[in-house]
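What follows is one structure encoded as structure tokens, with my remarks underneath.
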Amino acid sequence: MGRVRWIVLLIGVVVAMSAAVAGDRGFPFEREMMLEAAPMPGSKRIPILEIDANGAAIIDLWCVSLRGQAMVGPDTLSIVPGPAQPAQCAPDRQSGDESLLATLAQVTNWRRQGDLIELIGTTTLRFRLMTN
């Protein structure tokens, strides 16, 4: 009888670990993801992306924030940014916003390794899940 309990316990542990690993591989809907980048000079702001399960996207860039739409598959992703409202920012931040928006619009796939989310297109963008 002790051996049966041990086997059942072992199976339970394996199932729990498998579920945890699978959870770390799914797309992190409704979680803020911060771009792996240093702040631009004179600012502490770093771009953040959040995608809801219904595809609504919130995109906070170096200078502006906007909404968009995303289509997420098991390993595919496309992002269509909405219009950005004009903002008063330094030219380097405006240029950074334009570049990042263009890169996000070219994303075709995604990959997750724990808290690291890579958005893959012509350029790979690395985001970290925010833990606060």
Ranked VAL80, VAL64, criterion: other C-beta atoms within 10 Å, fewest first: VAL80, VAL64
For the stretch 42-47, Karplus couplings with θ = phi - 60° (6.51, -1.76, 1.60), whole Hz, Gly/Pro x: x, 9, 9, 6, 10, x
Cα-projected label distance for LEU116 with ASN132, points at 7 Å along beta-carbon direction, nm: 2.3 nm
Using θ = phi - 60° and Karplus 6.51 cos²θ - 1.76 cosθ + 1.60, couplings along the stretch 119-126 (whole Hz; Gly, Pro as x): 9, 10, x, 5, 10, 8, 9, 10
GLU30 paired with ARG67, simple spin-label distance in nm, labels 7 Å along Cα-to-beta-carbon: 1.7 nm
Farthest positive-ward along the stretch 28-129 dipole, Cα basis, beta-carbon charges - from ILE120, GLY42, ILE59: GLY42
For the stretch 76-90, Karplus couplings with θ = phi - 60° (6.51, -1.76, 1.60), whole Hz, Gly/Pro x: 10, 7, 9, 10, 10, x, x, x, 9, 7, x, 9, 8, 9, 5
Distance (nanometres) between label positions extended 7 Å along Cα→Cβ at ILE48 and ALA102: 2.7 nm
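Every number in this text was worked out from the coordinates using simple rules, so none of it is lab data. All figures in this text were calculated on a predicted structure; none of them were measured in a lab. When we count neighbours, we look across all protein chains shown, and the Cβ atoms used for this are built from the backbone with ideal geometry, even at glycine.
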